[in-house]
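Structure record follows, encoded as structure tokens.
A short reminder: the numbers here are calculations on the coordinates, not readings from a lab. What you are looking at is a predicted structure, and each value in this text was computed from that prediction instead of being measured. Using ideal geometry, Cβ is built from the backbone for each residue, glycine included, and neighbour counts are taken over all protein chains shown.
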Amino acid sequence: MKLSNSDKETPAVIYGKNSLIIAITTTILALVGLAATKGYRLKSGKEVELTITGYDPRDLLSGHYLTFRVVYDVADVCSENSSKSDLSAHICLSPRFFSWSAPDTNCKLFITGKCNYGRFVAGIERFYVPEGKAKFLEKQLRDNPASIIIKVTPDGKGQIEDLRIKGRSWKTLDVTDEP
Amino acid sequence: MSAEQAAAILEYEKSRPQKSWILSGFLALGIVIVCVGIISLVAANWDQISGHTKLVADFLLLSCVGFATINWRAHTYAFDALLMLFMCLALASIGLISQVFHTGGELYEALLFWSLITAPPMLAARTQGPPLIWIITALGSCIYAMVENKFLYALVRHAEPTLFMTTTLVAAFASIAARILSGNSPQTRAFRSAAIIAMIIALGFIEVFGAESRIAGSEAGRIFVPYLPGHFMAILCVIGIANQKSYKKSQVLALTMALVAFILPFHFPALAIKASVAYASCSVLTATLIAAFCASIGAKRTFNLMLLLIAVRFVILYFQALGGLAMTGFGLVISGLVVIASAVLWHKYRKQIDALFTRWMLG
């Protein structure tokens, strides 16, 4: 038995055609904006090659990816606060040094990241690979010298462009290649 | 009534969308299967297709589904099915962008971003399905983010049940706010359903793990920190309930008391209360007050769900209180007979009981 008029069903919050168009377009534009931001970083950033070491878990959403540690060749990275996490930090890539604050004009190119329990993380520690090649590339990384090519923007944001193993792009490697 | 009037009434009823839970169920199942398939295709990461081509194809597909959604808005179930597909494609697109640009980050960050960008289309849903999935994902990823963030997690460490308490109150406040803004819309009903689901999970969690929570006396200054967000949401909920102009005073009182009864057991670990009877009493009281409120507004499904919860909790209480297989066995047989008898009596005298509750609730 319904005794209150207020529990009568009412239409959705957004009901008109124009409002619906705006709602759908907002979502699409947000995604296009995200892709455009990432693409702009790749186009406008300065190219840097960094040595890596690696292993392979699975990402539920985006498929196989390799995660690795980037070797910056800098002493005392995140060493002062190794018991803490999510601390903002920077590594100057030219010349190479670590800094808790944003580097000054002495640094020509720097990358921004966070220190998590003594480890510097800059969002460039993951590389997505096709389903059939993940295990092969993981083995290649363990047995051969590897590096990543990244693009770094003036504000310190890094974006991976390529993965190289023994100086060659991973795409040029054949699954039958032996280390 | 004349024949023409009868025909006009029949024509009108025929033109109104008919609620078909079977159709709705199969459409939802089909959409879920398609969504899982799309995400799996993205995860395969075919390197034969360039990243740019994949992105262009993805945005074209997204636009086509969006266009179809707009053009099918006159058909309730098809519209919601397409809307759900659109929201799913948005999630797949986030995964694809991460893959093409090798973006780092956690799953909860992707889910939170998805919740943000799909909030506008979710508000257009005509049935509860899309908003319910949306709010469960949004709240779940907030909890995930809290647990993964070392700084935030340190605030609730040893008081993890407060996360569930706060989440339930956030869902409850969302339903109250939605009701004030849009009446009993699909979004309001979905948020209310989410709050009920969250409440059941939260009460189950505190009953099972509450006695094991450790808030040391030496951390007295920090004891209240995990509760602050929940208390703040509770105050907002009470203000929202009190501002519902269509509710009688007794209904406002019932909901407020249910809120207090819900929050109480989450404070028992801090007060070193471990007795299962205390937790059970709060759960039963919360369910009873919500059942009484539901009876007054005619929300039969939720009313029956609350009765079921009360019955289940009593059964579990027998296990806890009596101990020993024989005594528990006797207790369960008696409880079962009581539940059956109650159900038969309820079915036979439901109208009188309905009327009695209603008279009491409406003062």
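Of note:
- Once the chymotrypsin sites (Phe, Trp or Tyr not before Pro) in DSSP loops with at most 14 neighbouring Cβ atoms within 10 Å are cut out of chain B, the longest remaining piece is B:47-223.
- Put simply, the C-alpha atoms of the protein assembly as shown give a gyration tensor, and the ellipsoid matching it has half-axes of 50, 33, 22 Å, longest first.
- Calculated log₁₀ intensity ratio I(q)/I(0) where the Debye formula runs over C-alpha points of segment B:136-205, q = 0.18 Å⁻¹: -0.68
- Taking only the Cα atoms of chain B, the radius of gyration and Dmax are 24.3, 81 Å.
- Karplus 3J(HN,Hα) series, Hz, for segment A:129-135 with 6.51 cos²θ - 1.76 cosθ + 1.60 (x for Gly, Pro): 10, x, 3, x, 10, 4, 5
- A cut-off of 5 Å between modelled amide H atoms, ignoring neighbours fewer than 5 places along the same chain, links B:Asn184 with A:Thr10.
- Cross-link table A:Lys8/B:Lys351; A:Lys108/A:Lys139; A:Lys114/A:Lys135; A:Lys38/A:Lys171, entries beyond 32 Å C-alpha to C-alpha: A:Lys108/A:Lys139
- Net length available on complete extension from B:Ser2 to B:Phe314 is 106.8 nm, with 0.36 nm assigned per residue and the Cα-Cα distance removed.
- Take the Cβ atoms of B:Leu23 and A:Arg142, set R0 to 51 Å, and the FRET efficiency comes out at 0.45.
- Positive-end extreme of charge dipole, chain A - chosen from A:Thr105, A:Pro145, A:Leu29 (charges on Cβ): A:Leu29
- About the Cα centre, charge dipole magnitude for segment A:8-167 (Lys/Arg +1, Asp/Glu -1 at Cβ), debye: 320
- The A:Lys171 and B:Leu41 beta-carbon pair, evaluated with R₀ = 25 Å, returns a calculated FRET efficiency of approximately 0.75.
- Of the residues A:Tyr117, A:Tyr15, A:Tyr40, the one that moves most in a GNM of chain A with alpha-carbon contacts below 10 Å is A:Tyr15.
- Shape call, segment B:225-347: gyration tensor on alpha carbons, a/c limit 1.5: oblate
- The string of couplings for segment A:29-39 from the Karplus curve (6.51, -1.76, 1.60, θ = phi - 60°) is 5, 4, 5, 4, x, 4, 5, 5, 4, 5, x Hz, one whole number per residue in order, with x for Gly and Pro.
- Per-residue extension of 0.36 nm, minus the Cα-Cα distance of B:Ser50 and B:Lys245, leaves a gain of 64.4 nm for this segment.
- Here the label points at A:Lys43 and B:Ala341, each 7 Å from Cα along the C-beta direction, are separated by 7.9 nm in the simple model.
- Each of B:Trp72 and A:Thr26 was given a label point 7 Å from its Cα along the Cα-to-Cβ line. The distance between the two points is 2.3 nm.
- Between B:Ile33 and B:Asn304, the FRET efficiency estimated from the beta carbon spacing at R0 = 41 angstrom works out to 0.85.
- Residues with amide H under 5 Å from that of A:Phe97, placed H, sequence gap 5 or more: A:Cys92
- Applied to segment B:77-84, the Karplus parametrisation 6.51 cos²θ - 1.76 cosθ + 1.60 on θ = phi - 60° returns per-residue 3J(HN,Hα) values of 6, 5, 4, 5, 5, 5, 5, 5 Hz, with x for Gly and Pro.
- Under-5 Å amide H pairs with A:Ser85, H placed in peptide plane, nonlocal only: A:Tyr117
- Taking the three principal axes of the alpha carbon atoms in segment B:43-179, the coordinate ranges are 48, 40, 18 Å, sorted in descending order.
- Furthest towards positive pole of dipole, A:Gly167, B:Phe314, B:His347, structure part the protein assembly as shown, Cβ charges: B:His347
- Approximate spin-label separation A:Ser99-A:Val74, in nm, with each point projected 7 Å along Cα-to-Cβ: 0.9
- Since only B:Ile94, B:Ala78, B:Ile206 are under comparison, the one whose Cα sits farthest along the positive direction of the charge dipole of chain B, derived from C-beta charges on Lys, Arg, Asp and Glu, is B:Ile206.
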